[in-house]
Amino acid sequence: MTKTLIPFADMGLNPALLQALTSEGYHTPTPIQSQAIPDVMKGKDLLGIAQTGTGKTAAFALPILHRLAADRKAPVPRTTRALILSPTRELASQIADSFKVYGAHLGFRVAVIFGGVKYGGQERALQQGLDILVATPGRLLDHVQQKTLDLSTTEIFVLDEADQMLDLGFVKPIRQVVSRMTARRQNLFFSATMPTEIGKLAGELLKDPVKVQVTPQATTVERINQSVIIVEQGRKRALLSEMFADPAMTRCLVFTKTKHGADKVAAYLEAGGVEAGAIHGNKSQSQRERALEAFKKGKLRVLVATDIAARGIDVDGVSHVVNFELPFVPEAYVHRIGRTARAGADGSAVSFCAPDEMKLLRDIERVTRQKLKAGIAATTRPWRRWTPPSWLRASARRPPCRTTSVRAATDAAPAVAAATAIRTATACVPKAARVSPTAFAAAASPAPSRPTAPSRRVRPSIPWPANARPSHRWKATSR
Ligand code: AMP
């Protein structure tokens, strides 16, 4: 059932906020904004289950600004009226920027504090007193412990991306922060997923909260065209580089497992003439900011990032997200691909999956409750020591024919139909790396209960993958 969206103008928001929204070109609230803003304006606690890209920042920033404006007070030195905790520096900066944009006509004091930079400027900002403070947990605790910040009078507390806080080991610091605040405060709690530990934390923090869930738990954004390419680890960089022959890959975020890996992939792409930068925890704050700015301005076509560094990257028009390696934590998949298809746009997510990542792929499918469309890169040889999963094995018995006869195509008709669908989905994959129709079919077709015997009219093919065939034959079948 679709709920009617309450227009911004009917929410009773401060006119200064409506003016800022008009300047920003926000005409209609997103579902989370429509559901959350009226209750948060009344001072209620909120539990918001929402993915990134749903407009959740404005869903808490607008009613907070409205409430602070309705009860204006001069900021008391070393205090803040509202505190927003974010898992990463980038996200903290973006949230603070959003507060400044939406509150442009209200004249509030907004500051952002995070680690990796000097204390002096932050101490000066805190000394004057703030209306809104956006912070990462570690540096915030440092300030609290050094008594440069007193949280005992903070009226509104927001915990954003709570599940990411858990991944980063921030749950204990969060509890320490909370213990410094008065119990008479409003709490807003946002998370894309609700692992047990986070559910427990929400239970401790929230009092009779209003619950808003804009998509079912951990469901990936529907507009994102998702696909998987099965490819050996050693061939991933070449495949990625080839993908950029497609002009549709205008602004692409690539996720790697390690910082070193991010540097290597970026350097490889650069060497191949693709403008690429890397962003990860070993880069200084200014290097990160420069790379992000260049990516935003379109000077870099690719930004290669680790999960932690990429959190909070809010860049419009990301056309593709490539998971160069699958994340260890399946929920991170949701966050990664949520960097594309933001604010109503479409986007594609392509995941490279090496044989030893099959379990991670299954975990992602389990958590996101979907079956991802998979194909095998034509550059990929069957692996000698790899036993393909049953869904590939069963279909592979319907042989990938060496001679593509009409009959063979008829035999594989339902699977080929699926393959066509996948080919559309992975249109960004270059020809050399495209999956052979039969391999696509093998990957895509549901495993038959009994293997289909090959047609007598089709030349008996070599069973795959026991007898590995050279990669050029795979290409031959993909014509
Ligand atoms: P968020 O989920 O808060 O990171 O927001 C995702 C993107 O949507 C940001 O770039 C916002 O500027 C944009 N956005 C948020 N709310 C609206 C709205 N009501 N209308 C248009 N764009 C919006």
Given the structure, is R251 within 16 Å of the ligand (Cβ to nearest atom) and in contact with a Gly (Cβ under 6 Å, 6 or more places away or on another chain)? yes
Determine if region 11-18 includes at least one residue that is more than 13 Å from the ligand (Cβ to nearest atom) and crowded, with 19+ Cβ neighbours inside 10 Å. yes
First in region 128-157 and outside the structural domain of F60 (by TED's automatic domain parsing) and part of a loop (DSSP other than H, G, I, E, B), second anywhere and of a type outside the set (D, E, K, R) and surrounded by fewer than 16 Cβ atoms within 10 Å (Cβ to Cβ), Cβ under 9 Å, 6 or more apart: none
Answer with yes or no whether S93 is closer than 25 Å to S179 by Cβ, touching a helix residue (DSSP H, G or I) at 6+ places or on another chain (Cβ under 9 Å), small (G, A, S) and within 16 Å of the ligand (Cβ to nearest atom). no
Would you be able to tell me the number of residues in region 19-70 that are more than 10 Å from the ligand (Cβ to nearest atom) and either part of a loop (DSSP other than H, G, I, E, B) or not assigned by TED's automatic domain parsing to the domain that holds R81 (or both)? 4
Given the criteria over 22 Å from the mean Cα position of the chain (by Cα), surrounded by fewer than 16 Cβ atoms within 10 Å (Cβ to Cβ) and under 21 Å from L292 (Cα atoms), does G234 qualify? no
I'm checking my understanding of the structure. Among residues of region 175-191 that are under 27 Å from P38 (Cβ atoms) and touching a helix residue (DSSP H, G or I) at 6+ places or on another chain (Cβ under 6 Å), which one is surrounded by the fewest Cβ atoms within 10 Å (Cβ to Cβ)? N187
What's the number of the condition R81 fails, among (1) more than 16 Å from the ligand (Cβ to nearest atom); (2) farther than 25 Å from Q164 by Cα? (2)
When the residues of region 327-357 are filtered to those that are surrounded by 19 or more Cβ atoms within 10 Å (Cβ to Cβ) and over 23 Å from D314 (Cβ atoms), which remaining residue is farthest from the chain's Cα centre (by Cα)? A354
Go through (1) charged (D, E, K, R); (2) outside any helix (DSSP H, G or I); (3) at pLDDT 90 or above and name the single condition D356 misses. (2)
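Only one of these is modelled with pLDDT of 95 or more, in the same structural domain as L205 (by TED's automatic domain parsing), surrounded by fewer than 18 Cβ atoms within 10 Å (Cβ to Cβ) and out of contact with any Cys (no Cβ under 8 Å at 6 or more places or on another chain): A111, A104. Name it.
A104
The values are calculated or read from the model by the stated rules, or taken from the named source; none is laboratory data. Small disclaimer: the values here were computed from a predicted structure and weren't measured. Note that each Cβ is placed from the backbone with ideal geometry, even for glycine, and that neighbours are counted across all protein chains shown.
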